[in-house]
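The values are calculated or read from the model by the stated rules, or taken from the named source; none is laboratory data. Because the structure is a prediction, the values reported are computed rather than measured. Glycine also receives a Cβ, built like all others from the backbone with ideal geometry; neighbour counts cover every protein chain displayed.
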Amino acid sequence: MTHKDTSESPKQILNSAKTIDLNSNNQSRASKKGLNINLYYLLGLTILIAALIFVIFYLPQTITKPTLETDSKVFMEKELNKPIDESPWHEAQLAKHRKTSQTILAKVLEKQNTLENHHVNLWRKDQFKHALDKAKMGDLSYRSQEFDKAIALYNQSLNQLAKIELEIPLFYDKYLKQGIDALEKNDAKKAKNNLQIAMYLQPNAIEAQEKYDRALVLNKVLSLNKEGVALIKNKALNIAQKRFLMAAALDANSKITQENIKIVNERIKYRDFSKVMSQGYVNLNNKKFNSAIKFFTRAQNIYPESSDPKTAILQSKNEKTLTHISKILKLASELEKKLKWEASAEQYNKALLIDSSLISARVGLIRTKSKADLENKLNYIINNPMRLSNNNVYQEAKNTYNIAIKIQNPDKNLASQIAVVEQLLEKSSLPIDIEILSDDLTSVTIYRVGDIGHFTNKHLSLKPGEYTLIGSRSGYRDIRKVVTLIPGSQNNKIHVKCIEKVNNG
């Protein structure tokens, strides 16, 4: 709004009025299209001639010549006695009020400019207009030189504008909040309008600028999110994720985008988790335990909060162990069927080292070990029949034999061993006739039998076995012979006599 010093004189106002009237009359006459031109022309010419005659002949006679005062003293007295029309004090007061009015008005103009720069008509239009109306009323009083009234009106206008200016922070907070609320409700138009006003109110406010930038791209962000949600429904999770990431690139603070990214990431994670878990179970069903454990471990890394991979890994390890044990027990059983007791017992023991609670392995170990021990004892008797001549050995062999014959339905190998041992026991109990030949000078002793004295020949009956005969004679070197009496052997002749003299010196 432009203000001028409008202290015009009444004469100027009148001249302006005359000018306006004359212009309007000219326009009226011009509109009559030359009606009665000739008549007016003659009338005017007559008046002009009459006026000329008056000026030339009559007017000079009516003018009185002024009398010149030659006495200066008299002249000064007359001038001093004339009344003065000027009022200096009044003029000074008017000038003072005019200056005050202009000073206040300058402040009004400054406030007006400030508020207009803040686009006041968008947020305080009526109050701003009311304040300016006060200033216009002050202008009318100023033109009428009612300066006191003008000053009062200008002050009212200034106070109202200052009050509006003080409200800028409050209205900034109001429109900022309305803009943020609109953003959260995904109303792009309302958000932009409110945030634009907030930026007008505080152009340097970073928060309003940031929120306004978000409002500018809100529709695009919403569109990308809408596409992403549709893609999720169609199971196109990776493409949906790209849409949400594009939206996040436009507005990293968008709540709906953040929520959708979280949702799609969770869906992708669960999809990958389910896929890997399925692969794990396929391998588990195919007894590929190591591969299954690898897949379940990958699933655990994808979804650490799920307990399913841990359970599956434990199941895989258990089944792997059970399968391994099953193979061991199967081998043990096969070896047992082949009468390989020691090898079978070794496999049962191997299974128990893996799981000591296996009852079948425990029973199998006891069974095969006892059979292996029995087999070894029987084989030892069979392979060492001469030891049966010893009563203790014989008795031990007899006990082993008694244990063996108590086994019901013995296998072919055991039955064969029992038959052989039985024969050996029978033969070992039958004495064998022997004849010992000597020179009647040598003293003969048989270990485990005793001293049998001097003789030339002697007949004895001994159990099968190994015997040691010692011959001794004074002045001769002792002779030692070891004889093995085989069950059923005949014509057993043994020569024992000392024939090698000893050189004493």
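Exactly one residue out of LEU329, LEU378, LEU388 is closer than 30 Å to TYR467 by Cα, buried (at least 17 other Cβ atoms within 10 Å of the Cβ) and touching a Gly at 6+ places or on another chain (Cβ under 8 Å): that is LEU388.
If you check PHE296 against the conditions, is it out of contact with any Phe, Trp or Tyr (no Cβ under 7 Å at 6 or more places or on another chain), among the aromatic types (Phe, Trp, Tyr) and within 30 Å of TYR348 (Cβ to Cβ)?
Working: out of contact with any Phe, Trp or Tyr (no Cβ under 7 Å at 6 or more places or on another chain): yes; among the aromatic types (Phe, Trp, Tyr): yes; within 30 Å of TYR348 (Cβ to Cβ): no.
So PHE296 does not fit the description; no.
Could you tell me which residue of the range 429-454 is surrounded by the fewest Cβ atoms within 10 Å (Cβ to Cβ), considering only residues that are farther than 17 Å from VAL483 by Cβ and charged (D, E, K, R)? Among residues in the range 429-454 that are farther than 17 Å from VAL483 by Cβ and charged (D, E, K, R), the one surrounded by the fewest Cβ atoms within 10 Å (Cβ to Cβ) is ASP440.
Checked against the criteria, THR368 does not count as surrounded by fewer than 19 Cβ atoms within 10 Å (Cβ to Cβ) and among the β-branched types (Val, Ile, Thr).
Answer yes or no as to whether GLN145 is over 30 Å from ALA205 (Cα atoms) and in a helix (DSSP H, G or I).
Numbers: over 30 Å from ALA205 (Cα atoms): yes; in a helix (DSSP H, G or I): no.
When the stated conditions are applied, GLN145 does not pass them.
Which of the residues that make up the range 152-173 are in contact (Cβ under 8 Å) with a residue 12 or more places away in the chain, under 48 Å from the mean Cα position of the chain (by Cα) and in a helix (DSSP H, G or I)? Matches in the range 152-173: ILE168, PRO169, PHE171, TYR172. Exactly one residue out of ALA240, ALA230, ALA188 is exposed (fewer than 15 other Cβ atoms within 10 Å of the Cβ), among the aliphatic types (A, V, I, L, M) and farther than 23 Å from VAL120 by Cβ, and it is ALA230.
For the range 254-288, a tally of residues being in contact (Cβ under 8 Å) with a residue 12 or more places away in the chain, of a type in the set (S, T, N, Q) and within 15 Å of ARG243 (Cα to Cα) returns 4.
Of all residues in the range 102-118, exactly one satisfies the criterion of being exposed (fewer than 13 other Cβ atoms within 10 Å of the Cβ) and either β-branched (Val, Ile, Thr) or not in a helix (DSSP H, G or I) (or both), namely THR103. Within the range 122-142, the residues that satisfy the criterion of being in contact with a helix residue (DSSP H, G or I) (Cβ under 6 Å, 6 or more places away or on another chain), in contact (Cβ under 8 Å) with a residue 60 or more places away in the chain, closer than 30 Å to ILE197 by Cβ and assigned to a helix (DSSP H, G or I) are LEU122, ALA135.
Of the residues ILE359, ILE293, which is within 44 Å of the chain's Cα centre (by Cα) and more than 30 Å from THR484 (Cβ to Cβ)? Write out each step before concluding.
On the way: ILE359 fails: within 44 Å of the chain's Cα centre (by Cα).
Going through ILE359, ILE293 in turn, just one is within 44 Å of the chain's Cα centre (by Cα) and more than 30 Å from THR484 (Cβ to Cβ): ILE293.
Select, from LEU231, LEU195, LEU224, the only residue that is part of a helix (DSSP H, G or I), in contact (Cβ under 8 Å) with a residue 24 or more places away in the chain and in contact with a Lys or Arg (Cβ under 9 Å, 6 or more places away or on another chain). Steps first, please.
Values: LEU231 fails: in contact (Cβ under 8 Å) with a residue 24 or more places away in the chain; LEU195 fails: in contact (Cβ under 8 Å) with a residue 24 or more places away in the chain.
The conditions single out LEU224.
Residues in the range 455-478 that are in contact with a Leu (Cβ under 8 Å, 6 or more places away or on another chain) and surrounded by 14 or more Cβ atoms within 10 Å (Cβ to Cβ): LEU462, LYS463, PRO464, GLY465, GLU466, TYR467, ARG473.
The single condition from (1) touching a Lys or Arg at 6+ places or on another chain (Cβ under 6 Å); (2) of a type outside the set (Phe, Trp, Tyr); (3) touching a residue at least 40 places away in the same chain (Cβ under 8 Å) that ASN186 fails is (1).
Looking at the range 275-283, can you tell me whether even one residue there is touching a Ser or Thr at 6+ places or on another chain (Cβ under 6 Å) and either part of a helix (DSSP H, G or I) or modelled with pLDDT of 95 or more (or both)?
Of all residues in the range 275-283, those touching a Ser or Thr at 6+ places or on another chain (Cβ under 6 Å) come to 283.
Then drop every residue that is not either part of a helix (DSSP H, G or I) or modelled with pLDDT of 95 or more (or both), which leaves 283.
Yes, there is a match, as at least one residue in the range 275-283 is touching a Ser or Thr at 6+ places or on another chain (Cβ under 6 Å) and either part of a helix (DSSP H, G or I) or modelled with pLDDT of 95 or more (or both).
Looking across the range 414-428 at every residue that is surrounded by 14 or more Cβ atoms within 10 Å (Cβ to Cβ) and modelled with pLDDT under 90, the one that is farthest from TYR394 (Cα to Cα) is identified as LEU414. Summed over the range 174-192, the residues that are among the acidic types (Asp, Glu) and either in contact with a strand residue (DSSP E or B) (Cβ under 7 Å, 6 or more places away or on another chain) or part of a loop (DSSP other than H, G, I, E, B) (or both) give a count of 1.
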